[in-house]
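In what follows, a structure is listed as structure tokens, so that the remarks can point back to it.
Please treat every number below as a calculation from the coordinates, not as lab data. Computed from a predicted model, the values in this text were never measured in an experiment. Cβ placement follows ideal geometry from the backbone for every residue including glycine, while neighbour counts extend to all protein chains displayed.
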């Protein structure tokens with residue numbers, strides 16, 4: 001929306017002191033808002049239709065050339081997978097802690113700045129403790145499964161490129177080219 005006030009080309013529609021809104025500024029602002037909305041929508045569709053395992057496998061395949069440089073792509077993919085799986089857990093735990101603090105009369109939305117900071121510390125400490133607890137449980141689970149660094153892993157399903165994948169890739173390339181052209 002900054003483009004409303006920054007773009008000087010075109011015919012002025014509204015003048016607000018030294019700032020003027022032009023028709024091209026409005027067009028560009030709407031175009032950027034639509035692009036941003038499309039990225040958010042496509043990202044949400046991707047995240048809701050793709051399993052974390054499929055995303056991790058695809059990411060590992062994508063960065064597999066780094067293996068030639070001595071960088072373990074599988075470990076990077078594992079970290080990405082764990083981060084993706086941890087986000088909903090952290091969100092749920094944060095919501096539960098905020099609700100518990102609210103039930104006790106604590107609120108991070110009301111009061112003076114000092115009161116809100118104090119209420120925030122009552123939320124951050126349990127979240128941090130929960131994060132450490134989850135990390136400890138994760139390390140125990142990885143140890144129990146004998147996970148070791150640098151060992152080549154096998155996959156339950158082999159990834160293959162089908163015709164629909166190529167069609168989708170072509171559509172994405174056309175979409176990106178259209179965004180760049182506009």
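General observations
- The single condition among (1) closer than 21 Å to residue 87 by Cβ; (2) outside any helix (DSSP H, G or I) that residue 160 does not satisfy is (1).
- Members of segment 10-55 found to be exposed (fewer than 10 other Cβ atoms within 10 Å of the Cβ) and more than 20 Å from residue 168 (Cα to Cα), listed by number: 11, 16, 17, 18
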